[in-house]
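> Below you will find the structure I want to go over with you.
Rule-based calculations on the coordinates, nothing more; no lab input. Values in this document were obtained by computation on a predicted structure and should not be read as measured data. We place every Cβ from the backbone using ideal geometry, glycine too, and count neighbours over all the protein chains shown.
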Amino acid sequence: MSKATDKRIEKDSNESEFVLRLKAIVETAIDGIITIDENGIVGTMNPAAAQMFGYSEDEVIGQNIKMLMPPPYRGEHDGYMHRYKETGHAKIIGIGREVSGRKKNGNVFPLRLAVSESWIGDTRIFTGIIHDLTEVKAAEEEIFRLNQELEQKVAERTEKLAEVVNQLLKTNQQLQSEIQERKAAEQALLQAQDELKKSLEKERDLNELKSRFVSMASHEFRTPLSTILSSVALISRYQEKDQQPQRDKHIERIKSSVQNLTGILNDFLSLSKLEEGKVLCQPETFVMQDFCGEVLDEVKSLLKNGQQLSHHSPAEAMEVFLDKRHLKNILFNLLSNAIKYSEEDKIIECTLESSGDAVLIRVKDEGIGIPKEDQPYLFTRFFRAHNAINIQGTGLGLNIVKRYVEMMQGKISYQSSLGKGSIFLVQLPSRME
Ligand code: ADP
């Protein structure tokens, strides 16, 4: 064969055009082409093959093809050729596959080998077309390496991203719990502020209540105290035995003045306790008619000349479950007002009724009545109607009455016309809860 570099095939008159063409193809092929006989001895080797393996053609031709193979193929080749001859069972022949080649300098390189079998007369030859895969493999490896690098980077980035996400989640959680804590703190602060405000308001209310009481008491205490003083002075003058009626009259005056003072003090104490939230309901079972009788007996001592106290109630005992002390305060206040705001000789009526699960208490008088314009303020503490200025009073009673009624889940209402009289109606459940 000619040199590979010289790509020109000399025309030999002995060789046919076809052979020359074949030669030209083989000599100039980019892939290596090697032929061997059935014993594995190299018959021909084209320049591309020689260059691939780093041998000269002469060094290979006539040698066993094994020399171009690295172990383990090298050791197996003879046996393989032998087996193929015996059995016709091919592993490469007619198939082609990727194998390794060994260069003269010992370097092993990847190659694709396609082997075909042919006969020239009786002689069998095998042609191997060898394509150097070094660059392809290197490129593949590079791709693989780059791919791995990329995967590594992706993995690293993913890990970093996961760390950042985790950190974010953690920060978010921390923020959430901080927000939660702040909200709770704000809530607690608001609550504390609210409580403080309420207790300040309560304090202010109580202070106002006390100062109003002081000014009211200094006014209201004056009359009973001067009555007591003058009666005491007069009693000391009535020293004769037959002056007992005069003495008794003044003793009665003193008694009623003291009662008046006690009433004012009691009202104030009740109101203070109510304001401080210290008043509780302690219901008990009792019969309304009996209870009413007792209060009426007590209130009789307040009746003015000619005043009559009439009482109506159902014959059937009205058993109730209510706070007796509060109810006594209610009834006593309403009856004493009816007496106080009525002139002599008038009738005061106290009626009991029962209606389903409720009891009704009605106190009616024929007294001075309440001016229309004053009625909306009737239950406001310290409020006194214009027509009551000259009658002793504190303006606390009805406020206390209303609070007690409401504590027992009841209602209070009234009707009044100026100069004609008033009716106060208290409705209570017969059994408070
Ligand atoms: P007080 O009688 O000590 O002034 P109350 O709170 O009991 O206080 O009553 C408030 C005001 O309502 C009274 O000052 C009076 O003007 C009016 N009032 C209450 N009851 C009657 C009544 N039966 N008749 C007329 N006015 C009344």
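> So, with +1 on the Cβ of K and R and -1 on the Cβ of D and E, and no other charges, what is the size of the charge dipole of the stretch 11-161 about its Cα centre, to the nearest 20 debye?
300
> Given 0.36 nm per residue, what is the gain on full extension from ALA138 to LYS300 after removing their alpha carbon distance, in nm? Please report the intermediate quantities before stating the final value.
Working: separation 162, 0.36 × 162 = 58.32 nm, distance 12.51 nm.
Between ALA138 and LYS300, full extension yields 45.8 nm more.
> Could I ask something else about it? Positive end of the charge dipole of the stretch 177-220 (Lys, Arg +1 and Asp, Glu -1 on Cβ, about the Cα centre): tell me which of HIS219, LEU209, LEU196 has its Cα farthest that way.
Towards the positive end, the residue furthest out is HIS219.
> So how much slack lies between ALA217 and GLU195, counting 0.36 nm per residue of separation and subtracting their Cα-Cα distance, in nm? Mind showing how you got there, number by number?
Details: separation 22, 0.36 × 22 = 7.92 nm, distance 3.15 nm.
Stretched fully, the ALA217-GLU195 segment lengthens by 4.8 nm.
> With a cut-off of 8 Å between alpha carbons and a minimum separation of six or more residues, what is the relative contact order of the chain in percent?
8
> Between GLU373 and CYS281, with labels modelled 7 Å along Cα→Cβ, what's the label distance in nm to one decimal, could you check?
3.8
> HN-Hα J couplings of the stretch 122-127 from phi, Karplus 6.51/-1.76/1.60, θ = phi - 60°, integer Hz, Gly and Pro as x?
Ordered by residue, 3J(HN,Hα) equals 9, 8, 9, 10, 10, 10 Hz.
> In Å, what Kirkwood hydrodynamic radius results for the stretch 101-237 from the alpha-carbon pair distances?
Evaluated over the stretch 101-237, this radius sits at 27.2 Å.
> In nm, to one decimal, how far is the GLN239 label point from the ARG83 one, both placed 7 Å along Cα→Cβ?
It works out to 16.1 nm between the two label points.
> Let me ask something additional. Would you mind checking the tilt of helix 222-237 against the longest principal axis of the Cα atoms of the chain, expressed as 0 to 90 degrees and rounded to 10?
With both axes taken from Cα atoms, the answer is about 30 degrees.
> Also, I was wondering about something else. Which order do CYS350, CYS281 fall in if you start with the one that has the fewest other Cβ atoms within 10 Å?
The order, fewest Cβ neighbours first, is CYS281, CYS350.
> While we're on this one: What is the stretch 164-275's relative contact order, in percent, from Cα pairs under 8 angstrom and six or more apart in sequence?
Numbers: 34 pairs, mean separation 28.7, N = 112.
Dividing the mean separation by the residue count of the stretch 164-275 yields 26 percent.
> Running a GNM on the chain with Cα contacts under 10 Å, which residue among ALA155, ALA185, ALA29 ends up with the highest mean-square fluctuation?
Ranking ALA155, ALA185, ALA29 by mean-square fluctuation puts ALA29 first.
> Relative to the Cα centre, what is the charge dipole magnitude of the chain, using +1 at the beta carbon of each Lys and Arg, -1 at the beta carbon of each Asp and Glu, and rounding to the nearest 20 debye?
Computed charge dipole of the chain: roughly 1940 debye.
> Out of the GluC sites (Glu not before Pro) in the stretch 286-353, which ones are loop residues according to DSSP with at most 15 other C-beta atoms within 10 Å?
Sparse-neighbourhood loop GluC sites (Glu not before Pro): GLU316, GLU343, GLU344.
> Scan the stretch 228-314 for chymotrypsin sites (Phe, Trp or Tyr not before Pro) in coil per DSSP, keeping those whose Cβ has at most 16 other Cβ atoms within 10 Å, and list them by number.
TYR238
> Something else about it: For the chain, take the longest principal axis of its alpha carbons; what is the angle in degrees between that and the long axis of helix 397-407, to the nearest 10 within 0 to 90?
Roughly 40 degrees, rounded to the nearest 10.
> Between the helical axis of 73-87 and the dominant principal axis of the chain, each derived from Cα atoms, what acute angle in degrees is found, rounded to the nearest 10?
The angle comes out at about 70 degrees.
> Along the stretch 244-254, what does the Karplus equation 6.51 cos²θ - 1.76 cosθ + 1.60 (θ = phi - 60°) give for ³J(HN,Hα), rounded to whole Hz, x for Gly and Pro?
Result, rounded to whole Hz: 4, x, 5, 4, 4, 4, 6, 4, 4, 4, 4.
> Which one, ILE95, LEU146, THR134, is farthest towards the positive end of the dipole of the chain when Lys and Arg carry +1 and Asp and Glu -1 on their Cβ?
Ranked along the dipole, the leading option is LEU146.
> Going by how many other beta carbons lie within 10 Å of each one, how would you line up ILE412, ILE330, ILE361, fewest first? Mind showing how you got there, number by number?
Working: ILE412 21, ILE330 28, ILE361 24.
Fewest-to-most Cβ neighbours within 10 Å comes out as ILE412, ILE361, ILE330.
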